[in-house]
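Comments concern the structure below.
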Amino acid sequence: MATFSRSRAGAYAALVLTTLFWGSNPAVSRLLLERISPMLLVWGRWFIVLVMLVPFVWPERAAIARALRTEWRAFLPFALFGFAPQNMLIFFGLSGSSAMHLSLLNSAIPVLIILIGWLWYARTPQRMEGVGLVLSLTGVLLIVSHGDFMQLARLEVNPWDLLMLAGMMVWALYTIRLRKRPEGLSLPAFLFVGGVLGNLVTLPFIAASAVLQAPPALDALGVAAFLYVAACPTLIAMILYGHAVPRVGPVQAGIFTHLVPVFGALFAALLVGEPLRAYHGIGFLLVAGGAIVSSLSAPR
């Protein structure tokens with residue numbers, strides 16, 4: 001029992017670190033999108049991830065080759081839901097929308113996970129999960145509305161928002177399916193296979209982007225930002241998330257994504273100079289409290 005408790009505690013710590021990296025992503029990506037196209041950012045970050053993974057997955061190269069050759073149909077849904085294609089929806093949507101809209105739609109992930117689990121898997125949410133979801137969602141709305149809930153009523157939905165919402169939907173599906181990922185490969189090897197398939201699926205889009213858009217103009221700061229986006233919000237965060245979801249379940253893992261706009265506000269203050277307000281602190285307490293309350297649910 002003690003070992004199981006330590007395992008869940010480690011999974012919760014992994015989720016907090018994951019959301020910290022994801023929260024830094026918008027501020028750093030803002031620097032990159034001034035220099036390169038969204039498609040190149042999506043494809044290039046996963047190409048760098050694959051290069052970084054090679055030393056770690058080299059001992060499994062035969063199993064990886066076999067999976068790509070004979071089991072690609074089993075891996076393809078994961079590649080579509082959690083890798084380059086999902087990132088493509090988010091970044092293209094963000095190019096025509098706002099950071100506030102992205103924060104709001106990011107908060108739909110836990111709701112979508114619960115809804116899909118209820119409709120698809122007949123899973124009834126536990127009471128503490130529901131309470132935690134409401135608390136954390138209230139904190140997120142407080143932050144993204146800048147302490148004025150009436151701003152939410154004035155937000156306008158546009159087609160770019162629908163692209164981002166589609167990205168949130170496929171990430172919810174990825175989270176649910178992650179508990180049943182194909183066996184036979186380690187987590188890094190699984191990410192390598194998913195990354196390869198995801199980049200192959202999006203290859204026509206990067207080819208069109210190379211023809212239709214201006215070439216990238218990366219300086220030293222841009223290269224450093226590109227490497228950071230690939231290493232931390234992508235590779236490390238995906239490994240931590242893949243470690244945590246099977247141990248705490250997709251619903252509780254989804255609720256922890258409400259920490260993303262909290263960390264996003266902190267990184268915006270540090271990197272972009274946006275001020276921190278009292279509502280940031282109150283929102284953080286609500287989000288963190290909601291995540292803690294949801295974690296009190298008995299494992300299922």
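The values are calculated or read from the model by the stated rules, or taken from the named source; none is laboratory data. This one's a predicted model, so the numbers in the text were calculated from it and none came from an experiment. FYI the Cβ positions are ideal-geometry reconstructions off the backbone, even for glycines, and counts take in every protein chain you see. For the accessible areas, the whole protein counts, side chains as well, though only heavy atoms, and no ligand, DNA or RNA atoms are used. Shrake-Rupley method; radii C 1.70, N 1.55, O 1.52, S 1.80 Å.
I'd like to check something: does the range 19-34 contain any residue that is more than 30 Å from residue 210 (Cα to Cα), without any contact (Cβ under 8 Å) to a residue 40 or more places away in the chain and part of a helix (DSSP H, G or I)? No, the range 19-34 contains no residue that is more than 30 Å from residue 210 (Cα to Cα), without any contact (Cβ under 8 Å) to a residue 40 or more places away in the chain and part of a helix (DSSP H, G or I).
How many residues are under 15 Å from residue 191 (Cβ atoms) and either in contact with a Leu (Cβ under 8 Å, 6 or more places away or on another chain) or not β-branched (Val, Ile, Thr) (or both) when one looks only at the range 7-58?
14
Candidates are the residues of the range 154-165 that are open to solvent by 40 Å² or more (accessible area, probe 1.4 Å), in a helix (DSSP H, G or I) and aliphatic (A, V, I, L, M); the one that is modelled with the highest pLDDT is 163.
Sort out for me the helices (runs of 4 or more DSSP H) sitting completely within the range 176-290 that have 1 or more residues that are open to solvent by 40 Å² or more (accessible area, probe 1.4 Å). Fully inside the range 176-290 and qualifying: 187-201, 203-212, 220-229, 237-248, 259-267.
Restricting the first member to the range 70-82 and to residues that are touching a residue at least 60 places away in the same chain (Cβ under 8 Å), and the second to residues that are among the β-branched types (Val, Ile, Thr), the beta-carbon pairs closer than 6 Å and six or more apart or on different chains are 75/193; 81/170. Taken across the range 22-35, residues that are of a type outside the set (Phe, Trp, Tyr) and exposed (fewer than 13 other Cβ atoms within 10 Å of the Cβ) do occur, with at least one present.
Listed conditions (1) closer than 22 Å to residue 167 by Cα; (2) within 17 Å of the chain's Cα centre (by Cα) are all met by residue 37, apart from (2).
Of all residues in the range 114-136, none that is over 20 Å from residue 286 (Cα atoms) has its Cβ atom under 8 Å from the Cβ atom of a residue that is among the acidic types (Asp, Glu) and modelled with pLDDT of 80 or more, 6 or more apart or on another chain.
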